[in-house]
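Scroll down for the structure; my scribbles are underneath it.
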Amino acid sequence: MSVLSKLEKIEKFLPEKGRSLYLKQIQYAIYKRGTVDFMQMTTIPLVLRQKLKQEIGEVLSLKNIWEVSGGQAHKVLFETESKDRIEAVRMLFKPESDDSYESLCISSQSGCALGCKFCATGAIGFKKNLTSEEITDEVLYFKSKKFAVDSISFMGMGEPLSNAENVFEALKILTDKDFFNLGDRHINVSTVGIVPQIRRLTKEFPQVNLAFSLHSPFPEQRAQLMPVTNSYPIDKVFEALDERIKLTKRRIFLAYLLLAGVNDSLEQAKALADLIKKRGPHSYLYHVNLIRFNPGPEEKVFKKAERETVDGFKKYLEENKISVSLRQSFG
Ligand code: SF4
């Protein structure tokens with residue numbers, strides 16, 4: 001289903017006379033003002049609003065079924081029309097400072113087929129690819145609540161580049177000036193390394209931020225943790241990343257989830273540093289984001305890395321001139 005399906009559906013109920021103007025007004029109300037109740041679209045006649053409400057009902061294709069807000073995170077569980085569940089999280093960074101900003105972490109699939117061993121979504125298995133309308137409706141929901149959305153990360157449920165058609169269409173609509181009008185540089189796509197789609201992203205969205213979830217510099221260990229490595233080996237992914245860097249001269253983020261006793265040793269830190277240095281003159285454009293694993297209540301295998309181990313790992317990278325930061329974890 002196309003992202004425009006919402007507007008196509010609406011168009012069917014508009015009178016022939018004045019149709020394109022009404023459609024423009026409705027599009028503006030939805031995507032610019034975040035109005036998701038037809039009755040609130042006061043720029044169009046009441047009788048038309050009533051008709052749309054009666055025939056279509058809801059503007060949003062997702063139903064909010066649970067919501068929790070606390071501290072710096074605001075989490076929403078949505079249900080799609082097919083009754084599959086996904087979640088989106090709004091996060092507030094640097095809340096006390098003048099340059100505080102809000103970032104939205106959205107899902108691209110319900111469940112995921114790739115089965116990374118440490119991932120709760122992977123344990124659910126694949127349920128469905130979200131349509132571009134469902135993906136962008138996650139953003140629209142927060143917009144309708146009048147939250148400023150400064151940046152968007154495809155880091156929720158699912159592997160975005162495994163649902164490439166819908167994700168690329170969603171990217172178009174998120175950046176389109178007549179829809180969400182977000183700058184490409186305010187969008188982050190996180191991938192476990194789907195090589196052909198990384199190349200497509202470089203071609204179509206060179207300015208969008210890209211994060212590669214590496215989690216181990218050792219191919220065999222990574223394949224155990226992340227079976228996708230068997231289809232897209234680490235060195236093939238880096239070839240595509242190096243090409244992107246050469247073309248865009250922009251940073252690429254390497255996500256590294258620290259799992260206690262698994263991938264948090266200095267041996268791994270050294271291998272990670274070597275892997276990055278091997279990139280040659282552009283190696284300084286790789287930035288490592290260390291993330292401390294936060295085990296859920298169901299987690300039986302992996303544990304949170306010790307604070308001193310995390311500090312030691314980070315220090316090793318810094319001493320070896322690798323650009324690195326420890327990401328804030330919201331759980
Ligand atoms: Fe989880 Fe992402 Fe791996 Fe899928 S690709 S199992 S969502 S970490």
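Only residues that are of a type outside the set (A, V, I, L, M, F, W, C) and open to solvent by less than 10 Å² (accessible area, probe 1.4 Å) were counted across the range 122-152, and they come to 5.
Restricting the range 140-178 to residues that are among the aliphatic types (A, V, I, L, M) and not in a helix (DSSP H, G or I), the residue that is nearest to residue 107 (Cα to Cα) is 157. Checked against the criterion of being of a type in the set (Asp, Glu) and free of Cβ contacts under 8 Å to residues at least 24 places away in the same chain, the candidates 264, 274, 242, 235 yield just one match: 235. If the condition is being part of a loop (DSSP other than H, G, I, E, B) and modelled with pLDDT of 95 or more, then the range 306-331 contributes 306, 320, 321, 322.
If we keep just the residues of the range 82-112 that are surrounded by 15 or more Cβ atoms within 10 Å (Cβ to Cβ) and part of a loop (DSSP other than H, G, I, E, B), which is nearest to the ligand (Cβ to nearest atom)? The selected residue is 112. When 65, 44, 56 are checked against the criterion of being out of contact with any Leu (no Cβ under 9 Å at 6 or more places or on another chain) and not charged (D, E, K, R), a single residue qualifies: 56.
Of the residues making up the range 181-238, those that are on the phi > 0 side of the Ramachandran plot and either in a helix (DSSP H, G or I) or surrounded by fewer than 16 Cβ atoms within 10 Å (Cβ to Cβ) (or both) number 1. Under the condition of being touching a Phe, Trp or Tyr at 6+ places or on another chain (Cβ under 8 Å) and more than 16 Å from the ligand (Cβ to nearest atom), the residues counted in the range 149-167 number 3.
The values are calculated or read from the model by the stated rules, or taken from the named source; none is laboratory data. On a predicted model such as this, the values are computed, not experimentally measured, just so you know. All Cβ positions, even for glycine, are placed from backbone atoms using ideal geometry, and neighbour counts span all protein chains on display. We work out accessible area using only protein heavy atoms, side chains counted, and drop any ligands, DNA or RNA first. Shrake-Rupley method; radii C 1.70, N 1.55, O 1.52, S 1.80 Å.
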